[in-house]
1. Taking amide H positions as placed 1.01 Å from N in the peptide plane, with prolines and chain starts having none, which residues 5 or more places from residue 89, or on another chain, fall under 5 Å of its amide H?
2. Counting Lys +1, Arg +1, Asp -1, Glu -1, what net charge surrounds residue 342 among other residues with beta carbon under 13 Å of its beta carbon?
3. Where does the chain land at 222 nm, in deg cm²/dmol rounded to the nearest 500, when only DSSP H runs of n ≥ 4 count, each adding -39500 (n - 2.57), divided by all residues?
4. Across the range 301-309, in residue order, what do the Karplus-derived ³J(HN,Hα) couplings come to in whole Hz, using 6.51 cos²θ - 1.76 cosθ + 1.60 with θ = phi - 60° and x for Gly and Pro?
5. Let me have the relative contact order for the range 216-344, percent, based on Cα pairs under 8 Å that are six or more residues apart.
6. Counting only C-alpha contacts under 8 Å and six or more residues apart, can you give the relative contact order of the chain as a whole percent?
7. Counting other C-beta atoms within 10 Å, which of 156, 184, 87 has the fewest, and how do the rest follow?
8. Mind listing the phi-derived Karplus ³J(HN,Hα) values for the range 240-246, rounded to whole Hz, using 6.51, -1.76 and 1.60 with θ = phi - 60°, and x for any glycine or proline?
Amino acid sequence: MSLVDDTIVAPASALVTQAVGIVRISGPASFEIARKIILPSKLPQPGSFSFRKIIDPNTNEIIDTGITLVFKAPHSFTGEDSVEIQVHGSPMILQKITTLIISLGARMADPGEFSFRAFMNGKATIPELELGNAITHLSTAQNVTSMKKAIRAIRVELQKIITKIEANISYFEESTDTSIDRDVASLQKIITKTIESSAPPGLPQVVIAGPPNAGKSTLFNHLIGFERTVVSKKAGTTRDYVKAKISILGNNIELIDGPGLDLVNPDSGQELVKELLKTADIILWLDPNSNLIKKQKNMIFFTSKCDSNSEVSEDWNKLSVKKNIGLDELKSKISKHLPVYEYATSKRQLDILNKLLKHIISAKNASSIDMKAFDLNDALKLISELDGMNCSQETIKQIFGTFCIGK
Ligand SMILES: Nc1nc2c(ncn2[C@@H]2O[C@H](COP(=O)(O)OP(=O)(O)OP(=O)(O)O)[C@@H](O)[C@H]2O)c(=O)[nH]1
Ligand SMILES: [Mg+2]
C-alpha cells in the first residue's frame, strides 16, 4: 500500500452473480477516466448520479448500462475524487470494467486501500473503519456498535490510576495505597466485560452431534442443500469433520458434521468430537432414542427419525428430515440460540484487549508501586494501538491489509 496520490480501482461487490455489481474508482484521475467510459460522456453533478451506457472507448462496444455516482473531494468515502459505477451483478462485467479502467491509467487497489485512504485523509478513525469491516463479516445483522467509546472509557480509567500512582509514588515506596488496588481491580472488570461483549472473528459454529447413525449427515446435507457427506444405514459412516458456511434465517453460520459420539465403543475420533463440543457455539444434539450424554447450556435436543420411532420423549423436539417434521423449529431454535454481542471487533482489537488484560492483572498482583506503574504504562501504550492514535506505519498497513479488495 503506498501513499502515492494515484488513482485506484476495484470491484466493491463480490465477484459472484448478484443483482447489482459495483466498481469503485478513487484518486485524482477518477473523473477523467470515468468520462471516457460512459455514454453520454458528461458526468453527473457531484453528489448525484446518472444513468449511463458503459462503453469501451477503444472499440465503442457497450459493456453494460448502469448508474454512475460522482463524489468530489473531500466529500467521498476516501476523501478523494471518486466515482462508483453500478452495473448488473455479473462477475464477467465487473472484471471487464475494472480491466478497462486499469488500461486507462488507474491501478488495481490493494486490499483495504480505499479504507486506508479514508484514514489517511482524516475521513474516519481506525476503530470506525474496523467496525465497518467487522460488520461485513458478522453472523447476523446484530445491533453492534464501534468499540470507540469503550476504548475511551478504558483509557480514561487507566490514566486516572496512573495519575494517582504518580502523585503517591514518593509516599508509598514498598506498600501501596489499597484504593489503587481497588481501582485496578475495577478496571480489570471493565476490560473483561468489553472482551466478553465483543463478537469474536469468524462465524458461529453450529455442531451436529449425537450417537452414530442418528441422522446427523442427513440433516447436514438437508441444511446445506446438497449431498456433501455420505449417508448410510451403517453406523459410524462419518469419520471426519465436514464444514459448510450457510445462512439460517438470515444468520450466517458454520455448520459442522462429524463422527457420532459412541459411548459404548469409543475410538480415537471421540476425543476430537469432545474437543469440538467444548468450543461450539451451538450443539444440535440428535438421538432417535432421546438419550442425552451431558446437558450443556448451548445444546438443542432433537429426537431424530421421529417418523420411524414410536418412543418419542415428551420434552424433546421431534425431528424427521425424511418427513419434513421439526425443521422450521430447528432453524428458529438455532437463530434464537446464536450469541449476541455489543461490539464488532477485529482479531487485532481482541488480541490487544487480551494483552491489555494481562498487564492489568500483572499490575494488580505486583507487590511494589513501581512495578504497578510499569505495567499500567505498558497498558497505556497498548491502548494507543487499539484506538489507532499512535500506530506505526507497519501496524496501519497490517490493519488495512486484512480488509477485502474494494473495501
Ligand atoms: N426414517 C428416517 N430415517 C432417517 C432419517 N434421517 C436419517 N435417516 C436414516 O438413518 C441412517 C443414518 O443416517 P446418517 O445421516 O448417515 O446418520 P449419521 O448420524 O450421520 O451416522 P454416522 O455418520 O454413522 O454417525 C440412514 O439410513 C438415513 O437414511 C429420518 O428423518 N427418518
Ligand atoms: Mg454421518
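Read-outs throughout are calculated quantities, based only on the coordinates presented, and are distinct from any laboratory measurement. As the structure is a prediction and not an experimental result, all values here were calculated from the model. Methodologically, a virtual Cβ is constructed for each residue, glycine included, from the backbone with ideal geometry; neighbour enumeration extends over all protein chains shown.
1. For residue 89, the qualifying residues are 18, 20, 21.
2. Neighbourhood net charge equals +2.
3. Calculated mean residue ellipticity at 222 nm is -12000 deg cm²/dmol.
4. Karplus values, whole Hz, x for Gly and Pro: 9, 9, 7, 7, 6, 5, 5, 10, 10.
5. Reported as a whole number, the value is 17 percent.
6. That works out to 18 percent.
7. Ascending Cβ contact count within 10 Å gives the list 156, 87, 184.
8. After applying 6.51 cos²θ - 1.76 cosθ + 1.60, I find 9, 7, 10, 10, 8, 8, 9 Hz.
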